[in-house]
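Notes for the one structure printed next.
Every number here is computed from the coordinates shown, using simple stated rules; none is lab data. Keep in mind the model is a prediction, meaning the values are calculated, not measured.
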Amino acid sequence: MNRPGYVSRILSTEAGWVSRSFWTDVLVLVRQRGLAWQLYLAEMAEFRRSSGLGLIAPFVSVLAHVIVLGSVMALVFDEQIDVFLPFFAVSFPIWQSFSNFILEEAYANEKTHRLLDFPRVSGSIVHLVAGLSFVIALLLRAAAALLVIAAINPNVLVRADYPAAIAGILLMSAVLMAWAVPVAYLFDRFRLLRSFLSQILLAVYIITPILWQPDRLKSHRWIIDWNPMFYLMELVRGPMLEERLSWTALAVSLALGVLGILTSWLLFSANQRLVIYRWMA
């Protein structure tokens, strides 16, 4: 396929994104998914040149974290390593991918601002590129986690429901995409929050069952019950560790997705103005 011609055909058939409604821009985004893939590949090529690792970086990072940090936390909590390490190996890649997605979205409007020179590109294409990065990096991290689990407790892999786990990853990705615009708007409208983003993510990391198992908070279960991140993680952890998808996690995740879409619709125009007139901020 002639890529330059392919891109020019896409850009020549769409109205300018600065004047689009939310739903029109979503339809344009679907049609420009090939362009989003090309932008993702360009980002990965740049990352490979700067780091020297490329797509292997998430794999290596999770492998080191799961083996070292997982073993230490098992000793700290006096857990059986063949039980805790699979739990941590499934949980940590999800968290690392989630936190990277939020970090990208916190600065997404800066990237979107550069699209003012390309008005026919979808204003949400930056979010789709971040979503692609989330899915691919999570799959690579999951591969490293499976390698550790295979060495520690292969029975977990024998019993796991892989189709349900993959479906969980896709649903989680859809939920994050639904919240991309609100997150970008929040951290651009209140830029001071970016200074505290690491601390915010650390707080969520600590109160979410990642370094510890859910049954350790029997007397303070509300911390888990009101934590949306817990239910998103259960979309994958349930099929992998408990051989089934939690219906509660599924219902909460679907509700989060619908709420995210509605919030994106409400904030879309405000976020457009924030991007277009950011030089005045």
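Given the alpha-carbon gyration tensor of the range 174-281, what are the semi-axes of its equivalent ellipsoid in whole angstrom, ordered largest first, with each equal to the square root of 5 times an eigenvalue? Can you show the working numbers first?
Details: eigenvalues 197, 64, 20 Å².
The answer is 31, 18, 10 Å, longest axis first.
Computed over the Cα atoms of the chain, what is the convex hull's projected area averaged over all directions, in nm²? Numbers along the way, then the final one.
Numbers: hull surface 64.9 nm².
Over every viewing direction, the Cα hull of the chain projects on average to 16.2 nm².
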